[in-house]
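Worksheet: one structure, shown below.
Nothing in this text is a laboratory measurement; each read-out follows from the coordinates by a stated rule. Note that the coordinates shown come from a computational prediction; the quantities given were computed from them, not determined experimentally. Cβ placement follows ideal geometry from the backbone for every residue including glycine, while neighbour counts extend to all protein chains displayed.
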Amino acid sequence: MSSVILAIAKDNPQHALDEARALNDADFEDGVYYRSVLDSMDFDAAISWIDQLDDPVRRKQLRRRALSNNDLDRSIAETLKLDDKAMRLDILTGVLQQLALSNGRKAATYLATLPLEELEGGVLLRAGQNMGLRDRGEAMAVGAALPEDRRSEFFAGILHVTVEENAAHFVAQVDALVAPGKDRNELYERAATAWAMRDVHGAGEWLAQLSVGNARDYAVEAFSAVLLESDPERALQWATTLSDVARRDAQVGSLLGKWRKKDPPTAEAWTKSHLIDRTSETPAE
């Protein structure tokens, strides 16, 4: 009976679905939905049938499956037509992550030309990670060729999987490719986070060598946030070195607040010994 129903599904998915439901077997019903129906129908026929289903959750799931089964160019083109932004990002992330592992140059074409708003939510970061795992040299070349407003996140992805080598050297390599400003600041922030999570000592040595400025502030802020988990006092010491007074005060206050929730007595003792104004949570003048 199962074989018959799956055969029917190739030409008449609704009939097959009705027959599957009559068997009162949820697993087999799912099989008709996912394996037979969409695998045997062309994209337009699949979408036409999916849109007639009553269950909105099922429609979304099957649309995702139909898109992922389609050829790459058509899949991306149809994905961009979806009204559901979360679904668009989910599908694009999956497609481009896999493409970055199999064909870096092809992935680079999409990463460079898709509207930037369609690459939110870490699409560039994950593509950089996968391409860096596959071929670091190619990944660096791809990153250098991307539009400037896309480089920082992509390079950060490479950094996440190659940070053991030397994050400071890596950042120095890409400094010339990422202009000063928001993107470079974010690259330093991501570098500090990734490195601190794997080598706190090495990350601290790198920070100590950075010139005072916005990029260093972003890195120190990120580093102190990671360090808070293992060494709150040292994290606060680093936070007090931020050159931007407003950011310094805000970061010190934020770190202290989190520390007080986990270890009130020790945090209070540190506060008093460092003359912290408890009302503003900022260093006393």
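Please determine whether any residue of segment 260-281 is touching a helix residue (DSSP H, G or I) at 6+ places or on another chain (Cβ under 6 Å), more than 27 Å from HIS160 (Cβ to Cβ), not β-branched (Val, Ile, Thr) and not in a helix (DSSP H, G or I).
yes
Quick one: count up the residues across segment 42-76 that are surrounded by 12 or more Cβ atoms within 10 Å (Cβ to Cβ) and either in contact with a Pro (Cβ under 9 Å, 6 or more places away or on another chain) or within 25 Å of GLU153 (Cβ to Cβ) (or both).
Qualifying residue count for the region: 9.
So ALA179 passes all but one of these: (1) buried (at least 16 other Cβ atoms within 10 Å of the Cβ); (2) part of a loop (DSSP other than H, G, I, E, B); (3) not polar (S, T, N, Q). Which condition number does it fail?
Among (1) buried (at least 16 other Cβ atoms within 10 Å of the Cβ); (2) part of a loop (DSSP other than H, G, I, E, B); (3) not polar (S, T, N, Q), the lone unmet condition for ALA179 is (1).
Could you check ALA239 against (1) surrounded by fewer than 18 Cβ atoms within 10 Å (Cβ to Cβ); (2) farther than 21 Å from PHE170 by Cβ; (3) aliphatic (A, V, I, L, M) and say which number it fails?
All conditions pass for ALA239, except number (1).
Of the numbered conditions (1) buried (at least 23 other Cβ atoms within 10 Å of the Cβ); (2) under 26 Å from ALA250 (Cβ atoms); (3) of a type in the set (D, E, K, R), ARG184 satisfies every one except a single condition; which is it?
(1) is the only condition that ARG184 fails.
Output yes when any residue across segment 86-93 is more than 16 Å from the chain's Cα centre (by Cα), surrounded by fewer than 15 Cβ atoms within 10 Å (Cβ to Cβ) and farther than 20 Å from TYR218 by Cβ, and no when none is.
no
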